[in-house]
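S.K.: Have a look at this one before I ask anything.
The values are calculated or read from the model by the stated rules, or taken from the named source; none is laboratory data. As the structure is a prediction and not an experimental result, all values here were calculated from the model. Heads up, the Cβs are rebuilt from the backbone with ideal geometry, glycines too, and the neighbour counts pull from every protein chain shown. Please note that ligands, DNA and RNA were not included when accessible areas were found on the heavy atoms of the full protein model with its side chains. Shrake-Rupley method; radii C 1.70, N 1.55, O 1.52, S 1.80 Å.
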Amino acid sequence: MSDEQDQANSGTDRLESYRAKRDLGRSTEPTGDEAVEDLPQPVYLVQKHDASQLHYDLRLQVVDVLASWAVPKGPSTDPATRRLAMRTEDHPLAYAAFEGVIPEGEYGGGTVMVWDRGTFQNLWEEKDEPRTMAECLDEGRIEIRVEGEKLQGGYALIRTSKPEEERERWLLIKMKDDHAQRDVDITEEQPDSVLSGRNLEEIAEESPAESPEMDKDEK
Ligand code: MN
């Protein structure tokens, strides 16, 4: 393929924005150099992020990074509910195992929980004119079957912003299938971590001291 395609498929280049936004010496977030052998792939996950405003981060593996969206209200299991999903920078695969506290003052400062995790299938692969996930992302229409611990079944992500807009706005919509549920608020009913069973407060309390200042105070 073209050089452009090569570049789009290179995890190192696709993490440039991720690295530029963070001080990875201060934050305990993954650098992108970690091994990720124990993750079932392609990875699907939703993180609950108690930053300046509580939100949920949906991440889907595309080639060797996690394409990401911030979903202010979190996912819904009701096909009649459309949830705003703002595209954010691609994250390293190792982010799928990150649960802890981003220090205050750092980008995204606050507590991060792995709210749901599993794998997914790209439903566009089965269509008459198949599309890869990278193509779906470019074209602004994704259809996946999620196999998480909390979320299952079909979900569509549709880009609604215009190309000239600086931030990509998408809608996250549950597709109609056996896993659709109308009268359930999944984020209320299942608030805790699928990795550790902890709630946000427990993650915050148990997180080791991260800032150099705090280390000094303890000695
Ligand atoms: Mn976030």
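S.K.: I'm checking my understanding of the structure. Among residues of the range 49-65 that are over 15 Å from Met86 (Cβ atoms) and in contact with a Leu (Cβ under 7 Å, 6 or more places away or on another chain), which one is nearest to the ligand (Cβ to nearest atom)? Working first, answer last.
M.R.: Keep residues of the range 49-65 that are over 15 Å from Met86 (Cβ atoms), which gives 50, 61-65.
Filter again for in contact with a Leu (Cβ under 7 Å, 6 or more places away or on another chain), leaving 50, 61-62, 64-65.
Working: Asp50: 9, Gln61: 17, Val62: 18, Asp64: 21, Val65: 16 Å.
Out of the qualifying residues, it is Asp50.
S.K.: Still on this structure, please answer the following. Working carefully through the options Glu143, Glu164, Glu89, Glu106, find the one that is assigned to a loop (DSSP other than H, G, I, E, B) and either without any contact (Cβ under 8 Å) to a residue 24 or more places away in the chain or in contact with a strand residue (DSSP E or B) (Cβ under 7 Å, 6 or more places away or on another chain) (or both).
M.R.: Glu164
S.K.: Still on this model: Please count how many residues of the range 143-168 are more than 28 Å from Ser193 (Cβ to Cβ) and open to solvent by less than 50 Å² (accessible area, probe 1.4 Å).
M.R.: Of the residues in the range 143-168, 1 are more than 28 Å from Ser193 (Cβ to Cβ) and open to solvent by less than 50 Å² (accessible area, probe 1.4 Å).
S.K.: Which one of the conditions (1) more than 16 Å from the ligand (Cβ to nearest atom); (2) of a type in the set (A, V, I, L, M, F, W, C); (3) in contact (Cβ under 8 Å) with a residue 60 or more places away in the chain does Leu172 fail to meet, given that it meets all the rest?
M.R.: Among (1) more than 16 Å from the ligand (Cβ to nearest atom); (2) of a type in the set (A, V, I, L, M, F, W, C); (3) in contact (Cβ under 8 Å) with a residue 60 or more places away in the chain, the lone unmet condition for Leu172 is (1).
S.K.: Of the residues in the range 100-128, how many are within 17 Å of Ala70 (Cα to Cα) and open to solvent by 30 Å² or more (accessible area, probe 1.4 Å)?
M.R.: 2
S.K.: Taking the criterion of being at pLDDT below 95, assigned to a loop (DSSP other than H, G, I, E, B) and out of contact with any Ser or Thr (no Cβ under 9 Å at 6 or more places or on another chain), would at least one residue in the range 176-189 satisfy it?
M.R.: Yes, the range 176-189 has at least one match.
S.K.: Those residues that are of a type in the set (S, T, N, Q) and open to solvent by less than 10 Å² (accessible area, probe 1.4 Å), I need them from the range 56-99; list them, please.
M.R.: Those that are of a type in the set (S, T, N, Q) and open to solvent by less than 10 Å² (accessible area, probe 1.4 Å): Ser68, Thr77.
S.K.: Does the range 93-114 contain any residue that is away from the ligand (no atom under 16 Å from the Cβ), among the charged types (D, E, K, R) and more than 16 Å from the chain's Cα centre (by Cα)?
M.R.: no
S.K.: Pull up the range 113-152, narrow it to residues that are in contact with a Gly (Cβ under 8 Å, 6 or more places away or on another chain) and among the charged types (D, E, K, R), then point me to the one that is nearest to Leu93 (Cα to Cα).
M.R.: The qualifying residue nearest to Leu93 (Cα to Cα) is Arg117.
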